[in-house]
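Asker: Got a structure for you, questions after.
Values in this text are rule-based calculations from the coordinates and carry no lab data. For clarity, every value in this text was computed on a predicted model and none was experimentally measured. Cβ placement follows ideal geometry from the backbone for every residue including glycine, while neighbour counts extend to all protein chains displayed.
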Amino acid sequence: MATASSPTDRTLLLTEAEVAAIFRVTPRTIRRWARDGWLNPLRIAGTTRYRAAELRDLTGSNDETQPGQAALAPTPADGCGRHASG
C-alpha cells in the first residue's frame with residue numbers, strides 16, 4: 001500500500017529526458033511525439049512532465065521496474081518522416 005510520501009503509479013511523473021531514455025530516443029523525438037498527440041505532457045511551473053502510468057499504458061508494459069524494456073515506441077502513420085531517395 002502506498003503512503004502519502006511515496007509516489008504511486010498514478011502520481012509518478014517523468015522528465016522529458018527520462019522518457020527519452022525509456023524509449024531510447026532523443027528528447028527532441030519525445031517533444032515531436034507530444035506535439036503529434038502520441039504523448040500527453042503536463043506543464044508544471046514551466047517544466048514538462050509525463051505520467052509514468054500513461055507511458056506504461058502506451059507500451060503495454062505492466063512492470064514499472066524495467067523502464068529500459070519498453071515495447072515498441074509509437075510511430076506516426078506515415079512512418080518516421082524520412083523518405084527513401086532514388
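Asker: Please work out which residue is nearest to the chain's Cα centre (by Cα), limiting yourself to the stretch 26-39 and to residues that are more than 13 Å from T15 (Cβ to Cβ) and outside any helix (DSSP H, G or I).
Answerer: Filtering the stretch 26-39 for residues that are more than 13 Å from T15 (Cβ to Cβ) and outside any helix (DSSP H, G or I), the one nearest to the chain's Cα centre (by Cα) comes out as W38.
Asker: Still on this structure: How about the stretch 40-55: which of its residues are within 13 Å of L12 (Cβ to Cβ) and not charged (D, E, K, R)? Break it down into steps so the answer makes sense when it comes.
Answerer: Step one: filter the stretch 40-55 for residues within 13 Å of L12 (Cβ to Cβ), giving 42, 49-55.
Matches in the stretch 40-55: L42, Y50, A52, A53, L55.
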